[in-house]
Amino acid sequence: MIHKRFIVVLTGKTNPSRFLTFLVGAGVKISGITESGKGVRFRTDKKGIQVIRKHRRRFKMKVSIKQADEGAVEKRLFTSFRFLIACIIPLVASLFLWKIDIETDVPEVSERIGDKLEEISITMFRPLSLIPDEGEIRRALMLEDPSLSWVRFKRSGSTLTVIPMLSPKLNESVEKTGPPSDLIARTGGIITGFQLSRGERVARVHQTVKKGDLLATGILEQGNKRKVVGAEGSVYADFWTEYSFKIPKTVDYHLLGEENVIIHWQSPIVWKEGGMPALRSFIKTERYREDRLDQFELMEGMEEDVIIPLIKYKILTESQTDLIIKDENILHLTFGNDTVEGTILFLMNENIAIKRPLSQGD
């Protein structure tokens, strides 16, 4: 702590210089000496006050003592150890992640994202410097969750907000009216699962089917009884499909700038005219971020890291079903002067069932 300061005024019939010389010889700290018609004025500390009071009568001096107005409750505050500690604590705390928010109305998605973030060690109280970049986090979340079409992030101080964007799905509650039907395969593949609301399975899980094969029948038979109900639902299968593309070699993209924080120190006391002083935070922060538009040129060697993720994202965002891409193989890729062309073989999992009206005879 800063030692308290006092203002001393010496007056009397004798010359105060002898007393001042004695005080200096006694090791008293004296500063700001001024002389006027009323006497000699200077500053000293608590130890000096004790010496002055003890010897003032010996030198026949009258002494007036009052505490120095440092003006400055703020000055003592800003130079105290407590203030320094109060400043250090929020600065150190700002280096750690204190809160993770997941903005979604679907509890299952929120739970899956929370578990995945914990799995890749993105948890509260983790140093911000050890948190991966947004692209790496996004890839980890979308890799195992086909319901996500994109994931946005918003970081404000020590808070990380995850905003998942779900893939659009067909409104299954709206069913088209029509005659009772069977479900057949619109393409070949290996069946991985059934989700039937009506009808009976004909094919089996892990069975290989061809285009046009019967997957589920809309006719139920029990003994000699035969009832036409129609088959409704989905049949999922793995299948390979070729995807040809042609994209510009130079890609424009928006680059999010780094968020900068400026910390200003301010007096915690606000003086008001004719009223009691108000208190406020002694730290004022300003945040700003400069985004910029940049260009990116596709080059050989970016197939796995850039081109394939771009094509997969395009396919998933254009799909109106719960499509999953499991694997891919590049058949060919050509880098021209202005464009990149190629064909990629994707292993997809999707509903392959389509309706075929039942023949009910007469």
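The values are calculated or read from the model by the stated rules, or taken from the named source; none is laboratory data. Note that the structure is a prediction, hence the values are computed from the model and not measured. Please note: Cβ atoms are built from the backbone with ideal geometry, for glycine as well, and neighbour counts cover all protein chains shown. Heavy atoms of the whole protein, side chains included, go into the accessibility calculation; ligands, DNA and RNA do not. Shrake-Rupley method; radii C 1.70, N 1.55, O 1.52, S 1.80 Å.
Any idea which residue in the stretch 35-55 is surrounded by the most Cβ atoms within 10 Å (Cβ to Cβ), counting only those that are touching a residue at least 40 places away in the same chain (Cβ under 8 Å) and of a type in the set (D, E, K, R)? Checking each candidate, the answer is Asp45.
Checking each residue in the stretch 220-277 for being part of a loop (DSSP other than H, G, I, E, B) and of a type in the set (Phe, Trp, Tyr) picks out only Trp271.
Whether a residue is open to solvent by less than 50 Å² (accessible area, probe 1.4 Å) and farther than 30 Å from Glu258 by Cβ was assessed, and Ser181 passes this test. Tallying residues that are of a type outside the set (Lys, Arg), closer than 30 Å to Leu84 by Cα and in contact (Cβ under 8 Å) with a residue 24 or more places away in the chain within the stretch 1-34 yields 6.
Of the strands (runs of 3 or more DSSP E) contained entirely in the stretch 284-362, those carrying at least 1 residues that are of a type in the set (Gly, Ala, Ser) and in contact with a strand residue (DSSP E or B) (Cβ under 8 Å, 6 or more places away or on another chain) fall at 339-351, 353-357. Each residue in the stretch 288-320 was checked for being open to solvent by 60 Å² or more (accessible area, probe 1.4 Å), in contact (Cβ under 8 Å) with a residue 40 or more places away in the chain and over 21 Å from Met348 (Cβ atoms), and 4 pass. Please go through the stretch 321-344 and give me each residue that is among the aliphatic types (A, V, I, L, M) and open to solvent by 40 Å² or more (accessible area, probe 1.4 Å), ordered by number. Hits for the stretch 321-344 are Ile324, Ile330, Leu331, Leu333. Here the strands (runs of 3 or more DSSP E) wholly within the stretch 106-219 that include at least 2 residues being farther than 26 Å from Met348 by Cα are 148-156, 159-166.
Considering only residues that are more than 21 Å from Glu304 (Cβ to Cβ), charged (D, E, K, R) and loosely packed, with under 13 Cβ neighbours inside 10 Å, which ones fall in the stretch 109-145? Hits for the stretch 109-145 are Glu111, Asp115, Glu118, Glu119.
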